[in-house]
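Only one structure is covered here, and it is reproduced in the block below.
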Amino acid sequence: MAGDILSIVRSYEQSESPAINPESRPCFHVSPLLGWMNDPNGFSSYKGEYHLFYQYYPFETTWGPMHWGHVKSRDLIRWEYLPCALAPDSDYDREGCWSGSALELPDGRHAIIYTGRMPVNRNEGEEHILQVQCLAYGDGVDYEKFDGNPILTEEDLPEGASRYDFRDPKIWWDQREDAYMLLVGNMAADGAGQLLLFRSRDTVHWEFLNILDASHHEYGKMWECPEFFEIGDTAFILTSPQEMVYGGEFQNRHGNMVISGTYDPISHTFARKEVHAIDFGYDFYATQTIQAADGRRIMVGWMQAWENAAMKRGIACPGWTGMMTLPRELSVKDGKLIQAPVRELEAYRHDRVTVKVFSLCGESVFPDIEGRCIDMNIDLTFPEGSSCTRFELALAENDEYRSVFACDPNSGLITFDRTQSGYINDALPVRRLQLPPEMKKLSLRVILDRYSAEIFVNGGEQVLTSVIETPQEASGISFFADAPVTLNIEKYNILIP
Ligand code: FRU
């Protein structure tokens with residue numbers, strides 16, 4: 001029976017997905033084979049290739065009972081679709097195969113650990129949906145759910161932890177422990193998020209170790225999609241808190257957050273140092289990371305926000321909705337997380353154009369500086385004593401539309417304005433990023449891929465990621481400064497063969 005449901009989904013994929021015009025998709029960002037996509041899942045290296053799964057509802061372009069979609073790649077830029085990996089076809093995940101992670105086992109199997117939404121009848125007629133953790137093992141294409149599922153249930157929870165909000169397990173191997181570790185999002189008794197740390201020798205039997213960190217209502221409610229890794233001496237927790245209060249760096253109601261600190265592997269405790277937003281744009285949620293074979297820590301996120309997800313699409317992309325961010329290389333500078341587009345993108349750069357303007361003032365456009373599938377570096381210098389109070393970079397522009405990055409070098413305030421980007425229902429009209437005042441220089445790396453803009457500021461110290469929902473004819477790029485600034489542009493088209 002279980003297998004039957006998955007084969008129905010797979011034949012539906014085969015018959016319906018060819019109808020989707022590849023031109024309607026982003027060129028190098030992952031989008032679902034068809035239907036709906038949210039969180040990245042199971043981001044992992046397996047037998048020398050990168051695998052990425054995703055929260056998936058193949059039958060509609062809206063969220064529904066969750067499946068796992070699947071793609072793989074050799075270079076994180078060109079992705080190949082694989083058939084649906086998991087369907088909600090078992091008693092313990094009948095209400096959905098929710099987010100989770102994956103890793104290659106020493107015996108060559110690809111292990112997936114995910115959250116099952118399991119309906120139970122506690123009292124006569126009253127149905128509750130519990131969240132339990134489940135395993136599946138596979139060969140990179142076909143996955144079989146483990147007979148002993150679920151492997152983590154309410155019985156494994158510490159005092160006060162919710163059995164209804166217990167999800168998004170992140171698994172990794174910890175050399176020091178000679179064991180697998182698992183971090184799972186949970187709701188504490190105070191009604192706010194906490195992250196539970198478990199350990200296992202075999203991926204099946206887990207022992208609760210500690211609460212790694214908790215919101216205590218300071219940073220939103222439920223903490224979804226936790227991640228944990230260390231780069232050098234700095235430990236990082238990434239999580240996506242629900243129901244954040246708008247304020248400071250947090251401008252999305254369902255936000256994203258990086259907590260840096262130190263981790264003590266003996267006591268399994270984490271000491272917080274700093275808390276920041278990971279991304280300052282409109283659309284960034286539910287991150288996952290891997291450590292690549294060459295040692296790089298690479299992150300991917302869902303390039304969408306829950307509050308925008310119900311938006312009306314359909315301008316040019318019927319049949320699918322949702323995209324992943326470009327995978328990003330992570331590093332540390334002064335204890336802070338730095339993000340850069342994966343270097344593999346550089347192999348797909350073509351048609352190099354450079355522009356140098358010693359003194360840009362007023363509005364300018366430049367030949368061949370345009371397009372919706374581009375990689376562009378911009379270096380700005382604000383001369384000594386400059387009276388510039390506004391620099392603007394308008395992307396995806398035509399008479400009707402523009403998506404505007406702006407900066408006031410005096411105050412250090414950066415904004416991204418999506419008022420004319422085809423969205424009608426943003427709760428806040430702009431996104432803000434406060435940098436130190438009296439800026440002398442600003443560098444930007446702008447990646448556009450048909451329906452998105454990812455803007456890496458000052459070498460990836462901050463990033464603003466947003467979906468742009470406008471027709472591809474809006475492909476202009478213009479620059480404006482209200483007093484002279486020096487501008488250097490280097491722009492490439494990205495062409496994926
Ligand atoms: C985050 C999330 C996860 C959950 C999944 C369900 O976006 O809510 O917590 O596992 O999406 O699709």
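The values are calculated or read from the model by the stated rules, or taken from the named source; none is laboratory data. Every value quoted in this text rests on a predicted model; they were computed, and no experiment measured them. A quick note on method: Cβ atoms are made from the backbone with ideal geometry, for glycine too, and the neighbour counts reach across all protein chains shown.
Worth a mention:
- Residue that is nearest to the chain's Cα centre (by Cα) [pool: residues in the range 251-273 that are closer than 24 Å to residue 428 by Cβ and away from the ligand (no atom under 15 Å from the Cβ)]: 258
For (1) within 19 Å of residue 257 (Cα to Cα); (2) of a type in the set (D, E, K, R); (3) touching a Lys or Arg at 6+ places or on another chain (Cβ under 7 Å), each residue gets a yes or a no:
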{"residue": "190", "(1), (2), (3)": "no, yes, no"}
{"residue": "197", "(1), (2), (3)": "yes, no, no"}
{"residue": "200", "(1), (2), (3)": "no, no, no"}
{"residue": "208", "(1), (2), (3)": "no, no, no"}
{"residue": "214", "(1), (2), (3)": "yes, no, no"}
{"residue": "218", "(1), (2), (3)": "yes, yes, no"}
{"residue": "221", "(1), (2), (3)": "yes, yes, no"}
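To keep it simple, each residue is scored yes or no on (1) more than 16 Å from the ligand (Cβ to nearest atom); (2) on the phi > 0 side of the Ramachandran plot.
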site	(1), (2)
79	yes, no
104	yes, no
125	yes, yes
137	yes, no
144	yes, no
151	yes, no
167	no, no
183	no, no
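- Verdict on residue 35 being under 17 Å from residue 304 (Cβ atoms), among the small types (Gly, Ala, Ser), touching a residue at least 24 places away in the same chain (Cβ under 8 Å) and within 16 Å of the ligand (Cβ to nearest atom): yes
- Flag if residue 111 is within 16 Å of the ligand (Cβ to nearest atom), assigned to a strand (DSSP E or B) and in contact (Cβ under 8 Å) with a residue 12 or more places away in the chain: no
- Given (1) of a type in the set (Asp, Glu); (2) modelled with pLDDT of 95 or more; (3) farther than 28 Å from residue 74 by Cα; (4) not in a strand (DSSP E or B), index of the condition residue 274 fails: (4)
- Scanning the range 208-231 for residues that are touching a Ser or Thr at 6+ places or on another chain (Cβ under 8 Å) and within 16 Å of the ligand (Cβ to nearest atom) turns up 221, 223, 224, 225, 226, 227.
- The lone exception for residue 202 - which of (1) farther than 26 Å from residue 4 by Cα; (2) out of contact with any Gly (no Cβ under 9 Å at 6 or more places or on another chain); (3) buried (at least 17 other Cβ atoms within 10 Å of the Cβ) it fails: (3)
- Checked against the criterion of being surrounded by 17 or more Cβ atoms within 10 Å (Cβ to Cβ) and either assigned to a loop (DSSP other than H, G, I, E, B) or touching a Gly at 6+ places or on another chain (Cβ under 7 Å) (or both), the candidates 453, 474 yield just one match: 474.
- Within the range 54-70, considering residues that are more than 14 Å from the ligand (Cβ to nearest atom) and surrounded by fewer than 24 Cβ atoms within 10 Å (Cβ to Cβ), the one nearest to residue 322 (Cα to Cα): 61
- Test: residue in the range 144-153 that is assigned to a strand (DSSP E or B) and surrounded by fewer than 17 Cβ atoms within 10 Å (Cβ to Cβ): yes
- Residue count for the range 277-295, restricted to those that are buried (at least 19 other Cβ atoms within 10 Å of the Cβ) and either in contact (Cβ under 8 Å) with a residue 40 or more places away in the chain or not in a loop (DSSP other than H, G, I, E, B) (or both): 13.
- Restricting the range 202-213 to residues that are outside any loop (DSSP other than H, G, I, E, B) and among the acidic types (Asp, Glu), the residue that is farthest from residue 131 (Cα to Cα): 213
- Of the strands (runs of 3 or more DSSP E) lying entirely inside the range 155-201, those containing at least 2 residues that are of a type in the set (Lys, Arg) are 166-174.
- Subset of the range 76-103 [part of a loop (DSSP other than H, G, I, E, B) and in contact with a strand residue (DSSP E or B) (Cβ under 8 Å, 6 or more places away or on another chain)]: 76, 87, 88, 90, 91, 92, 93, 94, 95, 96
- Filtering the range 355-377 to residues that are over 14 Å from residue 446 (Cβ atoms) and among the small types (Gly, Ala, Ser) leaves 359, 362, 364.
- Check on residue 248, away from the ligand (no atom under 16 Å from the Cβ) and surrounded by fewer than 18 Cβ atoms within 10 Å (Cβ to Cβ): yes
- Selection within the range 194-231 - touching a Phe, Trp or Tyr at 6+ places or on another chain (Cβ under 7 Å) and on the phi > 0 side of the Ramachandran plot: 203
- One residue alone among 174, 168 is loosely packed, with under 15 Cβ neighbours inside 10 Å, in contact (Cβ under 8 Å) with a residue 40 or more places away in the chain and not hydrophobic (A, V, I, L, M, F, W, C), and that residue is 174.
- Qualifying positions in the range 303-339 - within 16 Å of residue 453 (Cβ to Cβ) and modelled with pLDDT of 90 or more: 303, 304, 323, 324, 325, 326, 328, 339
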